[in-house]
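Here the structure comes first, spelled out in structure tokens, and everything after it is commentary.
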Amino acid sequence: MSPATTTIISDTSSTTSSTVTAVKATVADAVAAPASAITYQTIEVADLAATFADYVDLAVKTRGGKVLTTSDEWFAESHNLLTAATPISRKGHFTPKGAWFDGWETRRHGPEFDWCVIQLGYPGTVAGFEVDTAFFTGNHSPFVSVEGFVASPSAMVVTDPEDAKNGTSGVAVNSAASDQSSTVAVTASGAFVASLATVVPDTAEGWEQVQWTPILPKVALKPDSRHGFKLEVPTTQFFTHIRFRMFPDGGVARLRVYGKVHQVLPEDKAGVFDLASVGAGARVEAFSDAHFGHPSNLLLPGRGHDMSDGWETKRSRAPGHVDWSFIKLGVAGHPTLIEIDTAHYMGNPPKSVTLLGYTAEDTLQETPITLLGEAPVKPHRQHFFEIPSEVSSGPAVASIKVVMIPDGGIKRVRVFGSQSWPANEIPANSLIGQRHPLPDEDTWNLLTIEAEPITKEAFAPWGQVIEVPTYDPNSIKVNQGTAQKFSHIGHFSNLRSYALNDEVISANGNRSFDKTCPSDHKPATANIAIFQCYKPVETKDIGVRLLERHAYSSQMFVPMGGDGNGGFVVVVAKDRTSDGNPDLSTLKAFTVANSQGINYKPNVWHHPMIVTGRPVTFLTITHESGVGRDDCEEYWFKKEAAAVGNQDGVAAVVRI
């Protein structure tokens, strides 16, 4: 069954439409022709994917689409329209305003229609729409329409009939020749940047005064259904914004705006940019599998939010299996640098990646150009690979094939290059080839422990908590009854043999110490000192790079003037039985109030003092002899950090 073709005679000043069947016409520029004939086809659900296979969703959130303003969103917010994921149902779940819906829903009995203004993620020509009313059964909008707006009047219009048929926009204009011009550019990661001469409205009232161009006339919708509408001829004008209208009110779950990105290329053909970005016009033409995520996500700017906005395939079981995607670059060019980003793929990146290039003439992909051999990749990380100059200087590459060995997930692929050769040098201040670490990029696979409030019982293996007891039957009145004395709340220890009496030696189970101070050692004496910790941590995650211990002495920390505000964090660990070094698997962390103190037992591995909230001054007491290793021994977790791929020497994370 062939799709139905409908022509609507539409006028921008009227909301009514008359229908004429099987009359074909293009969508003319509304400024030039206020009344225009719009011909569209109704697409069956089964044919939607194939119909729009050569186009991208210009409005989806993952490409930067966003709702700027709306007439009403009482029951459900309009930004849900642009969510990449398919709609879901939470039947029986209610909010204070009514039943929960995954879409945009307005209140009843409003004006003639409800509307929202959407800024497209990328300016582009429009080929059609998908409107989904999933789960809206008694409250869907019966009719909708779409109009377009160009933020700068200097929009290029395609004049070649073949280009118009393919939905291809004209060459971008980079000019300041008049007040009507706009300057456009693409960032290193492919994001669209525009400095528009025309002021974009910043209020709902301002948007109501805009001269809108009809793109899709008033069309009927069914409840709980997907609807496809393909323009007989894609628009020749590119749009930066659209207005989506619902007649008279109701709800819609999703809106897809399919089209071709308005291609923006550097004026200097030797300039280096991302040839594979959606902003440059790149698109995915074929792929082996997209079970968990579509390969078109590879072309997006930024590093994404989670595994939902990357390319991920199902697990393979067959020996020798590989997954691949074929990408047509925005323009043929000479690649110089490749970036493979596995952000958020922590347990499921591919083992390795290969990148092959093809010239425009190699339509059968018979003569691949190896841009990247079988290169191993790590989880949750950006990888950069320089392309040899003898490859870059060769024939221009028009398309690439990304091969994952054997399967897995990749977030982004960037192919930096120039339209002509030789390419310009990449400026020193450029973002190209620079890492942009995510907050957890170096800590995601580390041991992470939650700090817990300190108690005497929990801290007992490592020392004592110094605080006023809530109840102590052994406390006594002193100072003629004006004070209460709590005795033996900590154990002040010095395990150096020459400073111990027989009782302490016996208590520690070792009577073999020589009690005579060695001639080359100073006797260990109590060092009463003040620690001023003036740099509180500013993050909830604290990286553990080292621990220290005082083999022969306890160490006491008591805040001076503590009033309960702020505080500090204590991190401790037990010995590893094999070599006596700290055992990360026994790591514990405690939060301590500023009105409490702590006393470490001798030989306890602990982190240097960490203060929170505000600076803290401590009174400390430690036995010291002046012999460095005897007084304080440090252990740096360099090997442990390297084993988990952390380049900053962090082996564990304490979360407070």
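Couple of notes before you dig in:
- Considering residues of the stretch 632-656 that are part of a loop (DSSP other than H, G, I, E, B) and of a type in the set (A, V, I, L, M, F, W, C) only, the residue nearest to Asp541 (Cα to Cα): Ile656
- Counting the residues of the stretch 244-259 that are surrounded by fewer than 20 Cβ atoms within 10 Å (Cβ to Cβ) and in a strand (DSSP E or B) gives 1.
- The stretch 50-72, residues that are of a type in the set (D, E, K, R) and surrounded by 20 or more Cβ atoms within 10 Å (Cβ to Cβ): Asp57, Arg63
- Among the residues of the stretch 73-101, those identified as of a type in the set (Gly, Ala, Ser) and not in a loop (DSSP other than H, G, I, E, B) are Ala76, Ser78, Gly98, Ala99.
- Here the condition is being surrounded by 20 or more Cβ atoms within 10 Å (Cβ to Cβ) and not charged (D, E, K, R); of Ala642, Ala652, it holds for Ala652 alone.
- Here Pro473 fulfils each of the conditions (1) more than 40 Å from the chain's Cα centre (by Cα); (2) in a helix (DSSP H, G or I) apart from (2).
- Summed over the stretch 265-282, the residues that are surrounded by fewer than 18 Cβ atoms within 10 Å (Cβ to Cβ) and assigned to a helix (DSSP H, G or I) give a count of 0.
- Considering the stretch 534-547, the residues that are buried (at least 17 other Cβ atoms within 10 Å of the Cβ) and modelled with pLDDT of 95 or more include one that is nearest to Thr620 (Cα to Cα), namely Leu547.
- Phe590 falls short on exactly one of the conditions (1) over 21 Å from Asp541 (Cβ atoms); (2) surrounded by 17 or more Cβ atoms within 10 Å (Cβ to Cβ), and that condition is (1).
- Looking across the stretch 102-139, the residues that are in a loop (DSSP other than H, G, I, E, B) and under 24 Å from Glu205 (Cβ atoms) come down to Thr106, Arg107, Arg108, His109, Gly110, Pro111, Glu112, Phe113.
- Residue within the stretch 457-468 that is of a type in the set (S, T, N, Q), closer than 20 Å to Gln596 by Cβ and surrounded by fewer than 11 Cβ atoms within 10 Å (Cβ to Cβ) present: no
- Restricting the stretch 316-348 to residues that are under 24 Å from the mean Cα position of the chain (by Cα) and outside any strand (DSSP E or B), the residue that is surrounded by the most Cβ atoms within 10 Å (Cβ to Cβ): Ala343
- Condition check for Lys601 on (1) crowded, with 20+ Cβ neighbours inside 10 Å; (2) under 26 Å from Val558 (Cβ atoms); (3) under 40 Å from the mean Cα position of the chain (by Cα): one failure, at (3).
- Within the stretch 58-72, restricting attention to residues that are touching a strand residue (DSSP E or B) at 6+ places or on another chain (Cβ under 6 Å) and in a loop (DSSP other than H, G, I, E, B), the residue that is nearest to Thr125 (Cα to Cα) is Leu58.
- The number of residues in the stretch 283-309 that are closer than 24 Å to Gln263 by Cβ and not in a strand (DSSP E or B) comes to 12.
- Among the strands (runs of 3 or more DSSP E) confined to the stretch 381-457, the ones with at least 1 residues that are farther than 30 Å from Ser585 by Cα and either out of contact with any Ser or Thr (no Cβ under 6 Å at 6 or more places or on another chain) or of a type outside the set (S, T, N, Q) (or both) are located at 382-386, 397-405, 412-418.
The values are calculated or read from the model by the stated rules, or taken from the named source; none is laboratory data. Quick caveat, the model's predicted, so the values are computed rather than measured. Note that each Cβ is placed from the backbone with ideal geometry, even for glycine, and that neighbours are counted across all protein chains shown.
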